[in-house]
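We did not get these values from a lab; they are worked out from the coordinates using the rules stated. What you are looking at is a predicted structure, and each value in this text was computed from that prediction instead of being measured. Ideal geometry is used to build each Cβ from the backbone, glycine not excepted, and the neighbour counts take in all protein chains shown.
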């Protein structure tokens, strides 16, 4: 079927990606600090995590920043400042974890790790080593005497209210870990996408300006759909003895996360290619007539000769169906408002990969292992002559098929985004997609203005959300 | 001595027209008729001498016979001189022959153009005329031989051409057409007279109006096509078929004759097509004869495919002898399984991407359901386990592209199988070439049918059942036909054979059928979730699906 199917002819325009530096959207600007946070989060709670010297240094600076009292914000002029955000991150992280540095010698481990009472043993061992008389042993003895500096990060056990049921305690710590992993260790671009931004800003201002007043509780519903945020909020903020500084730190962090999308959009405009900026200028307003006028000038947009003889009531629909068959876009109810965007850079990379993969079956397998992973799905359509790449269905929440696309290659976030950009003047508020993060990232790289204007949020459905 | 067509006929005894009156043309040099002055442009030529030939059956017979009696003995140098000078034969016998031909042609063309049923009375004992291609040409059978005569435009002049070779017997049709000059024979003169009479008969003010009303008569309006077309015309007294084959604007007659070859002599004669075109070197192997041989083979295969063991279903004369395959006896007949496999393989190909089809509504209407039910009932009327065969040929009423009404010119017939939910029916299908150049296959949209190929027709209910299994049953286009094929083979709606081949056939049918269905755009709108044109849907669930 694949070899006998008709090739899809689409009217496209190039819209390449603009690379985003990770630091742009992160609350922690230092990669070492983010690495340390991730390392701490992934480890078991009762274990001490060994840090590198750089990670320890970064966390030390972060702890110092957290100790400092941030400048007061002025009512009516609440802004997110990098130093304030850094201070907030430090305050939040070190409310639950602590770092330490120690010197360990081999004898420490043999004696149970009590480093304060084994100096004599070390000296004796050193003397014994000297007795051997070899240079190597002497060097080893010197190193053992000096010991090894160990940087560790441990959880503050009393930071989270304990329970007799260990499962409850573990769940509470899981909430903390998810929150820190999301807001401290990952880019926050799109974290609040699709939400009620004014409500979030109102919440953050109340947290920053009057954390002890308790008025923010009524405004915390703005984060009701953020399953990472509100459990943490409930954990640390609902008690009567909630730390006002911690609440303010959370407010500062939310304020930063709320404005990071705008920050990236501004930065994107300075980094984007002229073609990307021209696309934004041309297609911000999307009347159908504008697209039709543009498409009429494209050589590949000519209406195909329809070989379906229809009556006058069906003639227009017959022509439309012929066009759908040719392009693969079956959107009977939604007219195209923008061109179908492609990514020439990515396609070139994929073409190079395909060239390498075509060298042989072993090379193909190696390439697939490299790109997809050895245990990932192969999408048999890559090599099969029987299977087509398939179709991509678009359904409303009721389950009604509102549109579908024929695929001429494997399903990808690029294709999913291009289809929506072509047909939706404003993107849906929520897009459920199996690789939602990739879809959102691709959209941020290429069309942050449309994503922000549409207040679009990509979400992975429960069936595809495996592993979290 | 060069002889005209009627002269040639006279030597063959029974092939001579008015055998009692015409022995040879003696008065041929008695001057010209209205044609002598040259063919006038447009319809000006057609007014000449149509006395007694006004289209009424036999109205001029007596007068023509009397004239023929007076000219029975005329022969000699004057006739030879007249023939060499390309002058028409105006001897009484020739005039009588023209009258007789005109009478027969007028009746034949009137029947064909009016859409009436041709009756058996149209077949006389010896002289048998048949209008082919909806009246584009008239085949005149004269005993064992046949000629075809037609009219066409050449450089603004209306001329009448005949395949008999003219009065001299060696007139070149190509040269005549280039010279814009009609063939100098009795048949062409008769046709010219007939056309003039038909103008009055059909109450048309002029010849131009008449030809506009019946454009099929004008062969120059027929689009050139590379496809070889074969029209069955009539048969001899010995039931041997006469065919007309148009090729590059020229018609030829091909008759079926016994062919005795070295290897076949021991096993008897083999009936083969023989061309009568003057410029064909080998009348057994020329393209015209080959086209007829292929046509006969196709007709025979269609009859076998339709389950009939008798005559081909495409030929209206049930007892006509058609061409036989030279190698037929050496080659074993294909088994049922092989034939089914070959048909399924042909059907499975996606070969109709360039073929016109009619659009269909997504859902069946009541009328279509009733029609399909009648087909189902008809399919059950099998006699002794055979397949019923209704009379008539299925063809499209209008052109897909330009909407022109059906024209019987340039048609091609095939036999086919009509699958219903309850069984099979043998049918004859016809495709015709429109003046706009479109091949109009039978589609069946207006009959509650779906013609998948030129040999396979399905009722809409059958195809819709498969589609509904796919859609409503959440099945696939592979599994749904597989289940249905098993069911249909039990009702003989599908031939017994390998189930996988039938499945492929049904899969291909549904694939083609689905392309013709008009799916309303409103079906793709959720009235509950659709919010506004600016943001049609606030939430969308999207996912890929590998086929």
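Could you tell me how far the Cα centroid of region B:501-531 sits from the Cα centroid of region A:390-468, in Å?
One Cα centre to the other: 24 Å.
Using packing as a proxy for protection, rank B:533-543, B:286-296, A:293-303 so that the peptide with the highest average count of other Cβ atoms within 10 Å comes first.
Ranked from most to least packed, the peptides come out as B:286-296, B:533-543, A:293-303.
Sort A:19, A:146 by Cβ crowding within 10 Å, fewest neighbours at the top.
Ascending number of Cβ neighbours within 10 Å: A:19, A:146.
Over all directions, what mean area does the Cα convex hull of region A:198-243 project, stated in square nanometres?
3.0
Run lengths n ≥ 4 of DSSP H only: what is the helix-derived mean residue ellipticity at 222 nm for chain A, with -39500 (n - 2.57) per run over all residues, to the nearest 500?
Helix contribution divided over all residues of chain A: -15000 deg cm²/dmol.
Using only Cα atoms and rounding to the nearest 10 degrees, what angle (0 to 90) does helix A:274-283 make with the longest principal axis of chain A?
The angle comes out near 60 degrees.
Roughly what percent of Cα-Cα pairs across region B:422-496 reach past 15 Å?
For region B:422-496, the share of Cα pairs beyond 15 Å comes to 63 percent.
Please rank B:108, A:47, B:298, fewest neighbouring Cβ atoms within 10 Å first, as an exposure proxy.
Taking fewest neighbouring Cβ atoms as first place, the list is A:47, B:298, B:108.
Taking chain A as the reference, fit the longest principal axis to its C-alpha atoms, fit the long axis of helix A:135-146 to the helix C-alpha atoms, and give the angle between the two in degrees, 0 to 90, nearest 10.
Helix A:135-146 sits roughly 90 degrees off the main axis of chain A.
Given a cut-off of under 8 Å on Cα pairs at least six residues apart, what relative contact order in percent is computed for chain A?
Once normalised by length, the contact order is 21 percent.
Using the number of other C-beta atoms within 10 angstrom as an exposure proxy, rank A:17, B:459, B:476, B:234 with the fewest first.
If I rank by nearby Cβ atoms, fewest first, I get B:476, A:17, B:234, B:459.
Need one word for region A:9-90: rounded, prolate or oblate. Basis is the Cα gyration tensor (sqrt eigenvalues a ≥ b ≥ c); a/c below 1.5 gives rounded, then a/b vs b/c decides.
Note, shape of region A:9-90 comes out oblate.
Using alpha carbons only, what's the Rg to Rh ratio of region A:248-377 with Rh from Kirkwood?
Computed over Cα atoms, the ratio is 1.13.
For Cα pairs less than 8 Å apart in space and 6+ apart in sequence, what is the mean separation divided by the residue count of region A:158-248, i.e. the relative contact order in percent?
After rounding, I find 29 percent.
For region A:152-179 and region B:140-158, compute the distance between their C-alpha centroids and round to whole Å.
The distance from the Cα centre of region A:152-179 to that of region B:140-158 comes to 104 Å.
Per 10 Å bin, what is the whole-percent P(r) computed from every C-alpha pair distance within region A:419-466?
Per 10 Å bin, starting at 0, the Cα pair percentages come out as 28, 57, 14, 1.
Name the shape class, rounded, prolate or oblate, that the alpha-carbon gyration tensor gives for region A:251-302, where a ≥ b ≥ c are the square roots of its eigenvalues, rounded holds for a/c under 1.5, and otherwise prolate holds if a/b is larger than b/c and oblate otherwise.
prolate
Across every pair of different alpha-carbon atoms, what Kirkwood hydrodynamic radius in Å does chain A reach?
26.6
What's the Kirkwood radius of region A:224-284 in Å, using all Cα pairs?
Roughly 14.5 Å, rounded to one decimal.
If you build the convex hull over the alpha carbons only and average its shadow over all orientations, what do you get for region B:121-185? Give it in nm² to one decimal.
Mean projected area for region B:121-185: 4.9 nm², to one decimal.
In Å, what Rg and Dmax follow from the Cα atoms of region A:275-351?
Rg, Dmax (Cα atoms, Å): 15.2, 47.
Under the classification rounded if a/c is under 1.5, otherwise prolate if a/b is larger than b/c and oblate if not, where does region A:21-68 fall, given a ≥ b ≥ c as square roots of the Cα gyration tensor eigenvalues?
oblate
Mind pulling the angle between the C-alpha long axis of helix A:361-372 and the longest principal axis of chain A? Nearest 10 degrees, somewhere in 0 to 90.
Once rounded, one gets 70 degrees.
Quick one: Kirkwood hydrodynamic radius for region A:56-110, alpha-carbon pairs, angstrom, one decimal?
13.2
Quick one, what does Rg over Rh come out to for region A:162-261 if you take C-alpha atoms and the Kirkwood Rh?
Rg/Rh: 0.97.
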